[in-house]
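Here's the structure, in structure tokens; my notes come after.
FYI, it's all coordinate maths here, none of it is from the lab. Remember, predicted model here, so these are calculated numbers, not experimental data. Glycine gets a Cβ as well: all are built from the backbone with ideal geometry, and neighbour counts include every protein chain shown.
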Amino acid sequence: MSNNIEWKNRANNAVSAAVANAYNIFVAKAKNAQLWDIEGNRYIDFGGGIGTLNTGHCNDKIITAVKEQLDKFTHTAFAITPYPQYIELAEKLNQLVPGDFAKKTLFVTTGAEAVENAIKVARIATKRLVVISFVGGFHGRTMLTLGLTGKIKPYKVGLSNFTNDIFHAPFPKNKETFSQMQQYFENLFKADIAPEDIAAIIFEPVQGEGGFYSIYPEAVKWIRDLCNKHQIVMIADEIQSGFARTGKLFAMEHFNIAADIVTSAKSLAGGFTLAAITGRAAIMDAPVPGSLGGTYAGNPVAITAALTTIEVMQQNNLPQRALKIGEQIESVINKIKSRVPQIKEFRRLGAMAAIEFYDPTTHEIDSAIVTKIQQLAINDGLIILSCGYGNVIRFLVPLTIEDSILTEGLNILEKSILTAANA
Ligand SMILES: Cc1ncc(COP(=O)(O)O)c(C=O)c1O
């Protein structure tokens, strides 16, 4: 019989060491918020495929729709012989993405590709090159998106020298960092680049990999005004924050401000590979016909999954469910906080929740305690993800999780935190 250790050894021999695994458990099957490994062990999944499974593993409706599509056709290449589902989903996203203006959408396969294409569109539409992104932001692992990503380790190690066309501003997560950001722009415009030479400003409404920091609402308004004044394209990267996670379908809805382009992926298609770029029609139409797309872009199976995923989200009111899940997580942390001085902060927007740890004496970040919590939790059958600099636990639990499983998972988490903290 094969076991996890055996597969780990085979992985070590066969797979590039650059592809690391958070856990050495090899999956045999998964359903909603639970998965089982090849040894028959059961786990509660609070990681949801890094935020891809807001509708859970193998949602019945999504799987049925996908199976029906598999019997019809799996691929034609939309650029050669198109199919109606692609257009239906584009119409749906044009309607759902915030912004009271005409929109158009195009589909690609991964989040990084969505960001790449958003930048291409912005550069072509404005005939400018420079892009501003934010320190701590994450936009993907391709060469352009690595440039935009505001974090060296581990993503840019060995590759950290990118072009001068990208500048990283401090991320405005509160009043203080908002004023640092304003100062940064003032200096930038004085010393390096005129605002009318900037093609785009791209930000995550809630930084994902960076540590689950919500953007300061006044900063969104400030960036919007700056973009309006200088015809800069405002891009909201909703790849992790989108599709009900924060209590709204898109996190930008919390600010009542519309970006010119929104990128989405992950939970858009309930575990199938699909990403979208949705934006102002005039901007989206700027590239010449044939210049955007790709062989697999807008795969019909993934498109079908996405159409059903959106239905499932709306029918089950997942934004509302996200609020409830967020509250439940918060109540557990509130209960134990006073016994765990290593908890620096708990923060959340809806169910996009995170616990940050530090050394209460030195105030240095504490990633060791997060590793310990993860080890204790996995021993009891709970998968949790970290982010930031390994010092933050983030929750990306499926929003369809059953109440009893959520409670069971939170009990394991509580016990693991208390044990790791010796509380
Ligand atoms: C905000 C954000 N943008 C872009 C990406 C890149 O997506 P992908 O890994 O599908 O290329 C991610 C992935 O975590 C993300 O969280």
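Computed quantities for the displayed model
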| quantity | calculated |
| --- | --- |
| 12 Å cut-off, amide nitrogen to a point 7 angstrom out along K92 Cα→Cβ, residues in segment 302-321 | 302-315 |
| Added length on full extension, which subtracts the Cα-Cα distance from 0.36 nm per residue, N422 to Q315 | 34.2 nm |
| Length gained when the stretch N334-T371 is fully extended (0.36 nm per residue, less Cα-Cα span) | 11.2 nm |
| Spin-label zone in segment 190-216 - amide nitrogen under 20 Å from a point set 7 Å from the Cα of Q231 along the C-beta vector | 193-202 |
| Kirkwood hydrodynamic radius over Cα pairs of segment 73-315, then Stokes diffusion coefficient at 10 °C and 1.306 mPa s, in µm²/s | 88 µm²/s |
| Radius of gyration and maximum dimension Dmax of the chain, Cα, Å | 21.4, 66 |
| Alpha-carbon radius of gyration plus Dmax, which is the widest Cα pair, for segment 183-286 in Å | 14.6, 46 |
| Cross-link table K175/K248; K8/K31; K104/K190, entries beyond 28 Å C-alpha to C-alpha | K104/K190 |
| Relative contact order %, segment 73-315, counting alpha carbon pairs below 8 Å whose residues are six or more apart | 30 percent |
| Segment 162-220: relative contact order as a whole-number percent, Cα under 8 Å and 6+ apart | 33 percent |
| Over segment 276-327, volume per residue of the alpha carbon convex hull, in Å³ | 124 Å³ |
| Fewest-first ranking of K151, K92, K31, K103, using other Cβ atoms within 10 Å as the exposure measure | K31, K92, K151, K103 |
| 25 Å Cα-Cα threshold exceeded, pairs from K266/K372; K103/K221; K156/K337 | K266/K372; K156/K337 |
| Cut-off 10 Å between beta-carbons: net charge of the residues surrounding I38, Lys and Arg +1, Asp and Glu -1 | -2 |
| Amide N proximity, segment 94-127 versus H75 label position 7 Å along Cα-to-Cβ, cut-off under 19 Å | 107-114 |
| Using distinct alpha-carbon pairs, which all enter the 1/r mean, Kirkwood radius of segment 18-105 in Å | 16.5 Å |
| Chain lengthening between Y389 and N164 when straightened (0.36 nm per residue, less Cα-Cα) | 78.5 nm |
| Two-site FRET efficiency, H363 against A18, from Cβ-Cβ distance with R₀ of 51 Å, rounded to 0.05 | 0.95 |
| Radius of gyration and Dmax over the Cα atoms of segment 109-196, both given in Å | 13.6, 39 |
| Mean projected area (nm²) of the alpha-carbon convex hull when segment 155-207 is viewed from all directions | 4.7 nm² |
